[in-house]
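Visitor: Have a look at the structure that comes next, please.
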Amino acid sequence: MDSSNRHRLIHFIPDEKVTDNFISMLESVYPNESRYIVIGTHATPQKTKIADNAEYYVKGSKGLAEVIENVSGYARVFLHGLIQGAGFEKIKHPDITWVIWGADLYEGLICRRGYQIYVDEEEQYRVRAAGSPFGKIPVWLYKILVGVRDKINFRKSLKTVRHLKRVTAIDEDYNLLREYFPELSVELTPFFSYYPIEKQIGEANLEKECHGRNIWVGNSAAPNGNHSSIFSRLKDYPATARIYCPISYGMQQHINYIDRIGKDMLGERFVGLKDYMPAEKYFEKYLDANAFIFGHLRQCGFGSVLMALYFGGKCYFYKDSPLYSYCTRNGVRVFTIEEDLTYKSTQEPLDAETRAANRKFVMSVCSSEAIKKQLGIAFSDR
């Protein structure tokens, strides 16, 4: 039987850690109404357990191209991320929704029209050039090579988004898309979370709170975390300060670079978490903290932010961060890096009332119950 005759919706989604959970949760709301096309770069999926209701395709494969050519039988098409190289620019359908993923919007699109992502743009070029797939090459040459690649990807992404009817995103992301691409005419559909907080932190930690005074910086080794700009603000903190930096996730040259500059700038205060560790040990360190500093100038690490807020941590952002705007707009107590970040501030815990309010907000956004309600709206017949 043709899949298009059995399903109302079709989803194109990357082979990522959230994929299994998303499929499971959407099936609990709208069972047997979706076809899931999981896309990866390896011969077999690396992070997704392909069940009966999902299919796996290698990016750029003939099989994926055939699926893309035959989407007309579905009521709606959903692109979970733009997935460069998947061929989405060739999709023809009157009702396509792009579920915005941060890297696609910020680094793939709006930065090409002037949006600032890096505090020091030259820094990320130096790091990437030193660890490029071609071996260490001059920065100027790397810029040319990357510029050509990014220009090609930008054109494909722009062609894809011009075919959209809707986007699913937080207001901040949607507003930036409209600001930088006013020629686009797309509707905004309600945001939904991919990962419930109960699963993210584990049932054993649901009643726990942050109780220590340590400091965490960032959520990964991505260059858009602007780590060096944050480290420069912490370099005069007391020698007793412990500054944890999770860098197990990311490209190896970025992991090595952040680990090196962390040690150079902060000395023994810096603790680079380069290796994966058991969840019990990770949360033991995590809860022994009070301040969580996110140096991104784009929407990034949303799950990490919500987790820190849930545990009662103090979250610091640059004023221009979309997540700073998102939090303050929703009445969440957060802080700015420019004005509020001092050693004294990082040591002063939030009061019980504020912690409770922040946790209540997190539950309204990404509890299992909240996500099911979000999915019910986002994937309805509207």
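Visitor: Give the long-range amide H neighbours of residue 249: residues separated by 5 or more places, or on another chain, with amide H under 5 Å away, using H modelled in the peptide plane at 1.01 Å from N.
Guide: 221
Visitor: Hey, how many Å between the Cα centroid of the range 59-84 and the Cα centroid of the range 135-183?
Guide: That distance is 20 Å.
Visitor: Connecting C-alpha atoms closer than 10 Å in a GNM of the chain, tell me which of 23, 247, 137 has the biggest fluctuation.
Guide: So, out of 23, 247, 137, the one fluctuating most is 137.
Visitor: Note down the nm distance, to one decimal, between modelled labels 7 Å out along Cα→Cβ at residue 343 and at residue 377.
Guide: 4.5
Visitor: Suppose all protein chains stay in the model; what accessible area per residue would a 1.4 Å probe give for the range 106-199, in Å²?
Guide: Solvent-accessible surface per residue comes out at 52 Å².
Visitor: Something else: Can you list residues whose amide H is under 5 Å from residue 81's amide H, if they're 5+ apart or on another chain and H is modeled 1.01 Å from N?
Guide: When sequence neighbours closer than 5 places are left aside, the close amide H contacts are 99, 101.
Visitor: Right, another one. How far, in nm, would the chain grow between residue 151 and residue 251 when pulled straight, counting 0.36 nm per residue and subtracting the alpha carbon separation?
Guide: Gain in length upon complete extension: 33.8 nm.
Visitor: Oh, and also: Beyond 26 Å between alpha-carbons counts as too far, so tell me which of 59/199; 274/360; 49/159; 47/319; 199/274; 136/274 fall in that bin.
Guide: Too far apart for the 26 Å limit: 59/199; 274/360; 49/159; 47/319.
Visitor: Now a separate question. Find the centroid of the Cα atoms in the range 256-319 and in the range 328-374, then give the distance between the two in whole Å.
Guide: Between the Cα centres of the range 256-319 and the range 328-374 lies a distance of 16 Å.
Visitor: What longest range of the chain stays clear of loop-exposed chymotrypsin sites (Phe, Trp or Tyr not before Pro) (DSSP non-H/G/I/E/B, at most 11 other C-beta within 10 angstrom)?
Guide: Here the longest run is 135-275.
Visitor: Across the range 193-202, in residue order, what do the Karplus-derived ³J(HN,Hα) couplings come to in whole Hz, using 6.51 cos²θ - 1.76 cosθ + 1.60 with θ = phi - 60° and x for Gly and Pro?
Guide: My calculation for the range 193-202 gives 8, 8, 9, x, 4, 4, 7, 5, 9, x Hz in order.
Visitor: In sequence order, what are the phi-derived ³J(HN,Hα) couplings for the range 150-164 according to the Karplus relation 6.51 cos²θ - 1.76 cosθ + 1.60 with θ = phi - 60°, rounded to whole Hz, with x for glycine and proline?
Guide: 5, 5, 5, 5, 4, 4, 5, 5, 5, 5, 5, 5, 5, 8, 6
Visitor: Heavy atoms of the protein only, probe of 1.4 Å, neighbouring chains included. What is the accessible area of residue 163 in Å², nearest 10?
Guide: The accessible area comes out at roughly 80 Å².
Visitor: Taking 35 Å as R0, compute the FRET efficiency from the Cβ-Cβ separation of residue 140 and residue 328 and round it to 0.05.
Guide: So the FRET efficiency works out to roughly 0.30.
Visitor: Mind listing the phi-derived Karplus ³J(HN,Hα) values for the range 233-250, rounded to whole Hz, using 6.51, -1.76 and 1.60 with θ = phi - 60°, and x for any glycine or proline?
Guide: Once θ is set to phi - 60°, the couplings for the range 233-250 become 7, 9, 5, 9, 5, x, 4, 7, 5, 10, 10, 8, 9, x, 9, 6, 10, x Hz.
Visitor: Using helices alone, what [θ] at 222 nm do you get for the chain, with -39,500 (n - 2.57) per DSSP H run of 4 or more residues, divided over all residues and rounded to the nearest 500?
Guide: -11500 deg cm²/dmol
Visitor: Using heavy-atom solvent-accessible surface (probe 1.4 Å) with all chains present, what is the largest-first order of 369, 207, 33?
Guide: In descending accessible area the options line up as 207, 369, 33.
Visitor: Now, a different point. What residue among 72, 321, 193 shows peak mean-square fluctuation when the chain is described by a Gaussian network model with Cα springs under 10 Å?
Guide: So, out of 72, 321, 193, the one fluctuating most is 72.
Visitor: If you roll a 1.4 Å probe over the chain with all protein chains in place, what percent of the accessible area is carbon or sulfur?
Guide: Summing carbon and sulfur atoms, their accessible area is 50 percent of the total for the chain.
Visitor: With only alpha-carbon atoms counted, please give the Rg and Dmax of the range 119-222, in Å.
Guide: 20.2, 52
Visitor: To continue, here is another question. With a sphere of radius 9 Å drawn around the Cβ of residue 226, what net charge do the other residues whose Cβ falls strictly inside it have (Lys, Arg +1; Asp, Glu -1)?
Guide: That sum, taken over residues with Cβ under 9 Å, equals -2.
Visitor: Mind listing the long-range amide H neighbours of residue 314? Cut-off is under 5 Å, sequence gap 5 or more, other chains count too, H placed in the peptide plane at 1.01 Å from N.
Guide: Hits under the 5 Å cutoff: 291, 292.
The values are calculated or read from the model by the stated rules, or taken from the named source; none is laboratory data. Please read these numbers as outputs of a predicted model, since none were measured by experiment. Here Cβ is always computed from backbone atoms with ideal geometry, including for glycine, and neighbour counts include all displayed protein chains. Areas reflect the complete protein model, heavy atoms only, side chains present, ligands, DNA and RNA absent. Shrake-Rupley method; radii C 1.70, N 1.55, O 1.52, S 1.80 Å.
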